[in-house]
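Okay, so here's the structure we're looking at.
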């Protein structure tokens, strides 16, 4: 009985440790995502302007000159 109890306690301990590590992982991934957010927003803006220009071209309108 004692051995099974100790085994269960170690299992619980490992699970708790894993949960803690998982939380740290989540925090790290979120911070990484936040670091990449400006790039993502720039990329989405670029895609959006591209699609809008394509649509305008499709409608036969002259696309606006892009200022680099």
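Derivation of every value follows stated rules applied to the coordinates shown; laboratory data play no part. Everything quoted here is computed from the prediction, not taken from an experiment. Note that each Cβ is placed from the backbone with ideal geometry, even for glycine, and that neighbours are counted across all protein chains shown.
Quick notes on this one:
- Bins of 5 Å, starting at 0 and running to the largest distance - Cα pair percent for the range 1-57: 5, 15, 10, 11, 9, 9, 8, 7, 7, 5, 5, 4, 3, 2, 1, 0
- Inter-centroid distance (Cα atoms) of the range 29-48 relative to the range 3-27, Å: 34 Å
- Computed E for residue 3/residue 25 - FRET, C-beta separation, R0 25 angstrom, nearest 0.05: 0.20
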